[in-house]
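S.K.: Structure below; questions to follow.
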Amino acid sequence: MVMNKSKLKGFEKTKIQIENEQSAVEFDDRLSGLIEKTVLESMREENLNMGCYVSITITDDASIREINHQFRNIDSPTDVLSFPLVNMKNGTLISDEGDYDMDEGLLMLGDIVVSLETAVRQAELYGHSLERELAFLVSHGAFHLMGYDHMNSEEEAEMLSKQEKVLEKLGLSRYEKQKTD
């Protein structure tokens, strides 16, 4: 388990807990740091500069398949699942009736589960790095926690645009500039 306290201005109280529950793919401090930066940049994109707590579990395909079946009645693995603990819509807190860490006054934003096995496969399929794919999936989960959805094409486009802005800030943009000689 890794517990990180944010060092970015405005996010001093934010805590991100990362648990690696898989052994299929090497998971190191570099990937853990990337996950933390991705969550914080996603929150920054939404100007959500209140102290929050986010839990992220890194798992394998078998475990995420079980979670997907239990909570969504879908019997297959997926890449990322989000479990929001607050009522938000497009980055705006609708109600302050959320779970709070009473010791530190942190809003319990929610839980994100990522299959690292699927992330590796998708990175290879889409022809980009594991880091880019992992950051994409974590930002996707973070925006779900902040009340974004992709049930219609307009909402999906907005969510993807925000994810790409986060990835660009992390230096992981999909749209790399062509080198000129």
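The values are calculated or read from the model by the stated rules, or taken from the named source; none is laboratory data. Since this is a predicted model, take the numbers as computed values, not measurements. Cβ: placed from backbone, ideal geometry, glycine included. Neighbour counts: every protein chain shown. Only protein heavy atoms, including side chains, enter the accessible area calculation; ligands, DNA and RNA are left aside. Shrake-Rupley method; radii C 1.70, N 1.55, O 1.52, S 1.80 Å.
S.K.: Return only the number of the condition from (1) open to solvent by 70 Å² or more (accessible area, probe 1.4 Å); (2) modelled with pLDDT under 95 that residue 173 does not satisfy.
M.R.: If we test residue 173 against (1) open to solvent by 70 Å² or more (accessible area, probe 1.4 Å); (2) modelled with pLDDT under 95, just (1) comes out false.
S.K.: Name the single residue that is modelled with the lowest pLDDT among those in the range 151-162 being among the polar types (S, T, N, Q) and in a helix (DSSP H, G or I).
M.R.: Only one residue tops the list, namely 153.
S.K.: Could you figure out which of (1) open to solvent by 40 Å² or more (accessible area, probe 1.4 Å); (2) of a type outside the set (Phe, Trp, Tyr); (3) in contact with a Leu (Cβ under 6 Å, 6 or more places away or on another chain) isn't true of residue 114?
M.R.: (1)
S.K.: Another question, then. Working carefully through the options 131, 117, 124, find the one that is among the charged types (D, E, K, R) and within 13 Å of residue 79 (Cα to Cα).
M.R.: Sole residue among the options that is among the charged types (D, E, K, R) and within 13 Å of residue 79 (Cα to Cα): 117.
S.K.: Let me ask you something else. Among the listed residues 104, 131, identify the single one that is of a type in the set (D, E, K, R) and modelled with pLDDT under 90.
M.R.: 104
Condition check ((1) surrounded by 20 or more Cβ atoms within 10 Å (Cβ to Cβ); (2) touching a strand residue (DSSP E or B) at 6+ places or on another chain (Cβ under 7 Å); (3) touching a residue at least 60 places away in the same chain (Cβ under 8 Å); (4) within 22 Å of residue 159 (Cβ to Cβ)) across all residues:
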residue	(1), (2), (3), (4)
48	yes, no, yes, yes
62	no, no, no, no
65	no, no, no, no
75	no, no, no, no
90	no, no, yes, yes
